[in-house]
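Q: Pasting a structure below so you can have a look.
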Amino acid sequence: MHRSTDRALRYSPTSFLVADVRFMINWMASAGLAGLVSALSLIAAPAVAHESAGSGPAVAVASTCLNDPSWVAPQRPFRVFGNTWHVGPTGLGVFLITSPAGHVLIDGGIPGQASLIAENIRTLGFQLGDIKWIVNSHAHCDHAGGLTELLKLTGARLVASAADAPLLARGGQEDPQYNNRFPFPPVRVDRAVGDGDQLRSGDLVMTAHATPGHTKGNTTWTWRSCEGQRCLNLVFVGSLSAPDFKLVGNVRHPTVVQDFRKGFAKVAGLPCDIALAPHPGMVDFWERVAKRDAGEPDALIDPTLCRAYAADAREDFEAKLAKQRAEASASARTPRK
């Protein structure tokens, strides 16, 4: 699998409107996908309410963000390793790292889906009020859209990169790549971090690594989890993809090429026993979970995976960059009429 072809923000220019959501619900119902119907109905409800009230274009920020039904598909929560748990929907990486001094939640999913994440946490027997910090990987609607709701439900404080804090506060508006196409509820960062900064909750130490490019403040988080005497390095890899990105002549992000290359190098060099990601397909997560469930206890462990993902992502990036540079050069040589 070419890991750089993850599902992260492969959007079409046209957002999901109410009719689109209703169509998907009807189709999935006819296909017998009851779980997805239920989840998608949660997304559609605010949109239909807006439509009925005559609010027209105000139709659901959530529906604008819903690019993939798996992003709202219910998923049974489970232990990844030690004190690290998967608590998100099937198509998004949302993880809870527990500590007696206060838990840490990574990312918030899309708008309107905080209840799914909250219910998964409760199902595992943990209390929402025991979550001390919520950390964000990057300021896109599929990872930051549910932060406002989750902060209210938990009383936690939000930790994110200083470079992404302004974009989070604008709710995704004026994004260097997407402009205003994928808004989410604005959210204020309580603690802004930079490269190498650490977040501590008792014995749990999480380190922020700046891996810019996908956003200016895209962040990879690392920590150690233990089972008995066996302790492993876990890495939540910030997205390294550049889907439909303007890489040449981007005045809103003039350092985008240098930033991506820094990110590739940083991820490739991290101690990495278990790789996790904002989109599971980035690191073949579900395939590895299936193997573990089938009797391979260490199927999630692969010290080469961060390096392999970074290499694949860089190869894909360099191909896109070369194509855009060739197109720009050809355009510059074409005489104007």
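Q: Mind sorting Cys141, Cys231, Cys306, Cys65 by how few other Cβ atoms lie within 10 Å of their own Cβ, fewest first? Walk me through the numbers before you get to the answer.
A: Values: Cys141 29, Cys231 13, Cys306 26, Cys65 32.
Sorted ascending by nearby Cβ count, the order is Cys231, Cys306, Cys141, Cys65.
Q: Now for a separate question. Below 13 angstrom from the Cβ of Ala328, what's the summed charge of the other residues (Lys, Arg +1; Asp, Glu -1)?
A: Once all neighbours under 13 Å are counted, the net charge is +4.
Q: In whole Å, what is the distance between the alpha-carbon centres of segment 269-337 and segment 196-251?
A: With segment 269-337 and segment 196-251 each reduced to a Cα centre, they are spaced 14 Å.
Q: If you don't mind, another one. Please report the net charge: other residues with Cβ closer than 14 Å to the Cβ of Ser99, K and R +1, D and E -1.
A: Working: positive: Lys132, Arg200, Arg224; negative: Asp130, Asp203.
Around Ser99, the charge tally is +1.
Q: Where does the charge balance sit around Asn218 when Lys and Arg score +1, Asp and Glu -1, over other residues with C-beta under 9 Å from its C-beta?
A: Around Asn218, the charge tally is -1.
Q: Ranked by Cβ crowding within 10 angstrom, fewest neighbours first, how are Lys266, Lys152 ordered?
A: Ascending number of Cβ neighbours within 10 Å: Lys152, Lys266.
Q: Pull up the cross-link candidates among the lysines for Lys323, meaning alpha carbon to alpha carbon under 17 Å and not fewer than 8 places away within one chain.
A: Lys246
Q: Amide H to amide H under 5 Å from Leu204: which residues, 5+ apart in sequence or cross-chain, H placed 1.01 Å off N in plane?
A: Distant-sequence amide H within range of Leu204: zero hits.
Q: For Ser241, Ser115, Ser70, Ser225, what's the fewest-to-most ordering of other Cβ within 10 Å of each Cβ?
A: Ser115, Ser70, Ser225, Ser241
Q: Going Cα to Cα from Lys216, which aspartates and glutamates come in below 18 Å? Please leave out same-chain ones fewer than 8 positions away.
A: Asp107, Asp142, Asp164, Glu174, Asp175, Asp195, Asp197, Asp244, Asp259
Q: Still on this structure, I have one more. Rounded to whole Hz and in sequence order, give me ³J(HN,Hα) for segment 221-226 from the Karplus expression 6.51 cos²θ - 1.76 cosθ + 1.60, θ = phi - 60°, writing x for Gly and Pro.
A: These are the phi-based 3J(HN,Hα) values: 10, 10, 6, 10, 10, 10 Hz.
Q: Right, next: Using a simple charge model, +1 on the beta-carbon of Lys and Arg, -1 on the beta-carbon of Asp and Glu, nothing else, what dipole does segment 179-254 show about its Cα centre, in debye to the nearest 20?
A: My answer is approximately 240 debye.
Q: Still on this structure, please answer the following. What's the magnitude of the charge dipole for segment 272-337 around its Cα centre, counting Lys and Arg as +1 and Asp and Glu as -1 at the beta-carbon? Answer in Debye, nearest 20.
A: Here segment 272-337 has a charge dipole of around 860 debye.
Throughout, read-outs are computed from the coordinates displayed, never taken from laboratory work. Just so it is clear, the structure is predicted and the values come from calculations on it, not from any experiment. All Cβ positions, glycine included, derive from the backbone under ideal geometry; neighbour counts span all protein chains shown.
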